[in-house]
Every structure is written in structure tokens, then in C-alpha cells.
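Peer 1: What follows is a structure written as C-alpha cells; I'll ask about it next.
The values are calculated or read from the model by the stated rules, or taken from the named source; none is laboratory data. Here the structure is a predicted model, which means the values were calculated and not measured. FYI the Cβ positions are ideal-geometry reconstructions off the backbone, even for glycines, and counts take in every protein chain you see. In case anyone asks, the SASA skips ligands and DNA or RNA and just uses the protein heavy atoms, side chains included. Shrake-Rupley method; radii C 1.70, N 1.55, O 1.52, S 1.80 Å.
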Amino acid sequence: MVQTILRPAMDPAPILLDLPSSSFRPCIYGVGAWTDHLHFAYDLVATLKPRLLVELGTDRGESYFAFCQAAAEHRTGTRCFAVDTWRGDQQAGGYDETTFDEVSNHNATNYQPFSILLRCSFDNALDHFASDSIDVLHLDGLHTESAVRHDVEHWLPKIRPGGILLMHDISVRVREFGVWKVWDELRATGRSFAFSSGPGLGVWQKPPANRLPYPIETLLDDADGPASAPIEAYYRNLASEMQQKIAQEWRDGTIRDDDDARQTTIQVFHTHDGIHREEDSAVARVGHEVWKEVLIPLPSDAGAAPLRIDFVSPFTTIDLAAVELRRDEKTLFAARDGRGFETIAVAGDAERHPHHVYLRIEITGLDPQLYLPRIDSTSGTGALTVRLQLRATRDIPMD
Ligand SMILES: C[S@@+](CC[C@H](N)C(=O)[O-])C[C@H]1O[C@@H](n2cnc3c(N)ncnc32)[C@H](O)[C@@H]1O
């Protein structure tokens with residue numbers, strides 16, 4: 001299917017234009033928070049043909065591999081660099097080596113000639129890049145105001161005049177997210193466009209306002225005007241199609257066969273009033289098929305009335321050998337055998353299977369939940385940690 005949009009041209013007659021993303025089929029999608037902007041990322045690289053693109057914050061590569069896919073499919077000659085510790089952070093949550101293994105395999109298989117993974121801190125990567133050298137910089141690391149200020153201050157000098165900075169999560173205002181504050185200041189200093197869908201994506205051109213190819217030029221030149229509206233609508237429609245595709249893959253179970261379906265995200269909700277809110281939660285991610293010990297730090301004043309543990313795990317079986325809540329070395333709750341596991345309620349898209357050693361649950365959809373009994377977590381001031389010993393497997397294990 002060829003998607004076309006109307007572009008108001010310099011002359012009054014609108015012209016029809018096919019964007020490169022009309023035939024884009026992302027290889028990696030739905031594994032981060034970037035699904036809404038993948039098609040724009042693809043067009044940015046395919047039309048701008050940047051010589052040097054750098055991403056700060058790659059995780060499973062949802063955004064980065066859209067850039068790489070465009071560079072490969074349109075032979076743009078771009079050199080791409082992804083910078084990440086591949087350990088996670090306090091907002092993205094911690095994750096194990098599975099992520100880096102998968103990202104480096106995908107990179108080596110598909111983009112080896114032009115894409116380099118720099119496994120280090122953003123600060124340590126600074127010396128790899130000369131001043132005024134980067135054509136497109138994507139900033140998507142830790143999203144606190146101070147971290148974003150630090151990164152912008154250190155990395156803006158690396159962007160060449162007329163180059164592009166992308167900032168992800170400019171619309172998010174919960175849980176200490178402060179990108180929006182830095183973005184609000186930055187946008188006053190150069191041409192910019194803000195995609196409002198999803199967590200928001202800011203596109204900013206470092207002065208001077210050199211002319212850029214379509215559709216970037218139109219977005220920056222007429223940011224809130226009628227010329228950019230159909231372009232934004234085009235991307236919104238594609239994002240909605242992607243979301244429907246992902247939802248369908250969960251409905252029909254084909255999500256299970258995706259190459260990137262080999263990790264489980266664990267989300268622990270803490271509460272004092274019994275209501276579980278997204279902003280009062282902590283996440284971690286583990287690879288499948290082997291036993292893992294997972295430590296998930298909670299705020300020291302977190303309530304456990306009760307704790308709820310959710311999994312995003314594509315129709316796997318999860319065996320839990322231990323579920324604990326600790327304050328420093330003191331154990332506030334522990335379930336490590338049948339009697340302890342009976343105190344944990346299984347709800348939502350999960351079924352409890354009888355097992356003589358583990359708490360075994362089969363994940364049947366997107367929203368499986370475990371509820372721990374109410375625990376008094378209010379005394380003491382030390383670090384509060386959920387400790388899990390678990391194994392997620394594609395098929396029900398024989399043991
Ligand atoms: C929000 S995720 C990136 C999401 C990714 N762009 C995507 O498309 O899904 C943030 C990543 O930044 C990394 N990170 C955060 N601060 C960092 C720093 N100062 N140095 C290196 N990596 C960092 C974390 O390890 C994490 O993988």
C-alpha cells in the first residue's frame with residue numbers, strides 16, 4: 001500500500017508526495033516507548049542522509065534500529081553510533097545481559113558495516129566525537145531534569161550548525177521526568193517541531209536555520225501551521241496502525257514468535273492506599289530460559305498495602321522459587337515454598353499451575369498480576385528491595 005500526503009508547495013497547487021516511510025516495515029518495534037515515532041525516524045534519515053548520527057540511550061534498539069534500517073535501505077552512507085551502558089537506569093529499570101546480547105547480534109547481522117555500539121556512559125563517549133560534527137543526535141537517556149540538562153550542555157557543541165537534535169519524552173510529566181522543562185527552554189533558541197503523540201518527540205535544529213529536505217523542512221518552518229498538520233496526521237495514523245498490529249499479535253499469540261520476545265519485564269507497584277498507580281512502580285527486565293535473581297529497589301517510604309507484581313511476558317510460563325521484600329538485611333516478607341506461595345494471589349491474565357516446589361504461573365495475556373499479602377513496610381528507613389528468584393520459559397518446563 002502506498003501512502004501519499006498532500007504537500008502545500010511553494011506554488012499554490014498542492015503536489016502529491018510519497019514519503020520513504022510509506023514502505024517501511026520496522027524490524028524492531030513495540031519493545032520500548034518509541035513505536036509512535038518510528039516512521040518519522042525512518043524519513044529523517046532517508047531524506048536528510050546524515051553523515052553522522054549518534055544516539056544516547058538505545059536499550060533494546062527500537063529507535064536506533066529504525067535509523068539504521070533507513071540508512072541501510074536507502075544507502076544514505078550514514079555512520080551510526082549507539083551509546084549506552086546497557087545496564088538500565090532508575091527510570092528505564094535495570095536489565096540483564098540479554099539486552100546487549102540481542103542488540104549486538106541484531107547489529108552485527110544487519111548493520112555491521114556502518115553501525116557501532118559504544119558500551120559506556122554518555123560522558124565517556126564525548127571524546128569520540130569532534131565539535132560541530134554530528135548531523136543527527138538523539139537524546140533518550142535518563143529523563144530527570146538534571147540528567148537532561150547535563151547531557152544537553154555537554155552534547156550540543158557536538159552537533160554541527162544546522163544539525164538536528166531529537167529529544168524523546170518531552171510530554172511526560174510524571175515520576176521526576178524533566179525533559180519537558182529543558183525542551184521548553186531549548187525550543188526558543190532554534191527552529192523546532194514537537195510531536196505530541198505517545199511520550200512526545202522534540203525535533204530541534206541547531207542554528208542557523210539551514211534549509212532541509214521535505215518533510216523536516218515543512219515541520220520546522222511551519223511548526224504550528226497548516227502545512228505541518230497533515231504530516232503529523234500521517235505519522236499519527238501510522239503509529240495507530242503499529243499499535244493495532246501489536247495488539248493483534250497479543251490477541252492471536254504471534255507475539256510469542258517475535259525474535260525480541262525473549263525477555264520479560266517485571267513491574268512492582270507499591271501503594272499505601274490500595275490503589276496501584278503507574279507512577280508508583282519500579283521495573284526490571286530479565287532474559288528467558290534460565291534462573292535469574294532479580295533485585296528491584298523501591299523508594300524507602302514505599303507502601304506494601306499490598307504490593308502488586310505484573311509481568312509483560314509473551315505467553316510464557318514463569319516459575320518463582322522466591323518472592324521477598326527486604327529492608328536492608330531484614331526480611332519483611334518471604335515466600336519460598338508451597339505454604340508461602342499460597343499467600344500470594346494470582347489475578348488478571350495468569351493461571352496458577354500446581355507445582356510441588358515453585359509458584360508456577362502461565363501467562364495468558366498482557367496483564368498478569370500477583371498480589372502479595374499486606375506487609376507493614378512503614379518502620380525503618382533503610383533501602384527497600386523486592387527480591388525474586390524466577391525463570392520464564394517459552395514452554396511449560398518438564399521439571
Ligand atoms: C529510555 S531508555 C532508551 C530507549 C530507546 N531509545 C528505545 O528506543 O527504546 C534509556 C537508556 O539509556 C541508558 N542510559 C541512561 N543514562 C545513561 C548514561 N549516562 N550513560 C549511558 N547510558 C545511559 C540506559 O541504560 C537505558 O538503556
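Peer 1: Looking at this structure, is S131 closer than 20 Å to D259 by Cα and either open to solvent by less than 30 Å² (accessible area, probe 1.4 Å) or without any contact (Cβ under 8 Å) to a residue 40 or more places away in the chain (or both)?
Peer 2: Values: closer than 20 Å to D259 by Cα: no; either open to solvent by less than 30 Å² (accessible area, probe 1.4 Å) or without any contact (Cβ under 8 Å) to a residue 40 or more places away in the chain (or both): yes.
So S131 does not fit the description; no.
Peer 1: Moving on to the next point. Tell me, which residue of segment 85-109 that is more than 12 Å from the ligand (Cβ to nearest atom) and small (G, A, S) is most open to solvent (accessible area, probe 1.4 Å)?
Peer 2: Ranking the qualifying residues of segment 85-109, first place goes to A108.
Peer 1: Next question, about the same structure. Restrict the check to segment 149-168 and report whether at least one residue is surrounded by 17 or more Cβ atoms within 10 Å (Cβ to Cβ) and in a loop (DSSP other than H, G, I, E, B).
Peer 2: No: zero hits.
Peer 1: Shifting gears a bit: Return only the number of the condition from (1) more than 11 Å from the ligand (Cβ to nearest atom); (2) of a type outside the set (S, T, Y); (3) buried (at least 16 other Cβ atoms within 10 Å of the Cβ) that P113 does not satisfy.
Peer 2: (3)
Peer 1: Name every residue in segment 258-305 that is closer than 30 Å to I396 by Cα and among the β-branched types (V, I, T), in order of residue number.
Peer 2: If the condition is that a residue be closer than 30 Å to I396 by Cα and among the β-branched types (V, I, T), then T264, T265, I266, V268, V283, V286, V290, V294, I296 are the ones that fit.
Peer 1: Going by what's in this entry, would G178 be described as of a type in the set (G, A, S) and within 16 Å of the ligand (Cβ to nearest atom)? Show your work before the answer.
Peer 2: Details: of a type in the set (G, A, S): yes; within 16 Å of the ligand (Cβ to nearest atom): yes.
Yes: the conditions hold for G178.
Peer 1: Within segment 29-48, track down each residue that is of a type in the set (G, A, S) and part of a helix (DSSP H, G or I).
Peer 2: Those that are of a type in the set (G, A, S) and part of a helix (DSSP H, G or I): A41, A46.
Residue-wise test of (1) of a type in the set (V, I, T); (2) farther than 20 Å from P215 by Cα; (3) in the same structural domain as F193 (by TED's automatic domain parsing).
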{"residue": "L48", "(1), (2), (3)": "no, no, yes"}
{"residue": "T58", "(1), (2), (3)": "yes, yes, yes"}
{"residue": "A71", "(1), (2), (3)": "no, no, yes"}
{"residue": "R75", "(1), (2), (3)": "no, no, yes"}
{"residue": "G88", "(1), (2), (3)": "no, yes, yes"}
{"residue": "E97", "(1), (2), (3)": "no, yes, yes"}
{"residue": "F114", "(1), (2), (3)": "no, yes, yes"}
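Peer 1: Okay, moving on. Give me a count of the residues in segment 268-308 that are open to solvent by less than 30 Å² (accessible area, probe 1.4 Å) and of a type in the set (V, I, T).
Peer 2: 5
Peer 1: Might you let me know whether segment 49-66 holds any residue that is open to solvent by 30 Å² or more (accessible area, probe 1.4 Å), closer than 17 Å to L137 by Cβ and either away from the ligand (no atom under 14 Å from the Cβ) or at pLDDT below 95 (or both)?
Peer 2: yes
Peer 1: Based on what the data block shows, is V346 open to solvent by 50 Å² or more (accessible area, probe 1.4 Å), under 17 Å from A322 (Cα atoms) and of a type in the set (A, V, I, L, M)?
Peer 2: On the way: open to solvent by 50 Å² or more (accessible area, probe 1.4 Å): no; under 17 Å from A322 (Cα atoms): yes; of a type in the set (A, V, I, L, M): yes.
No; evaluated as a whole, the condition is false for this residue.
Peer 1: Sticking with this one: What is the number of the single condition among (1) open to solvent by 60 Å² or more (accessible area, probe 1.4 Å); (2) in contact (Cβ under 8 Å) with a residue 12 or more places away in the chain; (3) not hydrophobic (A, V, I, L, M, F, W, C) that Q248 does not meet?
Peer 2: Only one criterion is unmet by Q248, namely (2).
Peer 1: Any chance segment 187-197 includes a residue that's within 16 Å of the ligand (Cβ to nearest atom), open to solvent by 40 Å² or more (accessible area, probe 1.4 Å), more than 25 Å from G77 (Cα to Cα) and not in a strand (DSSP E or B)? Reasoning before the result, please.
Peer 2: Pass one, segment 187-197, residues within 16 Å of the ligand (Cβ to nearest atom): 195, 197.
Filter once more, so that each one left must be open to solvent by 40 Å² or more (accessible area, probe 1.4 Å): none.
Taking every residue of segment 187-197 in turn, none turns out to be within 16 Å of the ligand (Cβ to nearest atom), open to solvent by 40 Å² or more (accessible area, probe 1.4 Å), more than 25 Å from G77 (Cα to Cα) and not in a strand (DSSP E or B).
Peer 1: Restricting attention to segment 134-148, which residues are more than 9 Å from the ligand (Cβ to nearest atom) and open to solvent by less than 10 Å² (accessible area, probe 1.4 Å)?
Peer 2: Our first condition is that a residue be more than 9 Å from the ligand (Cβ to nearest atom); within segment 134-148, this holds for 134-137, 139, 144-146, 148.
Selection gives I134, D135, V136, L137, V148.
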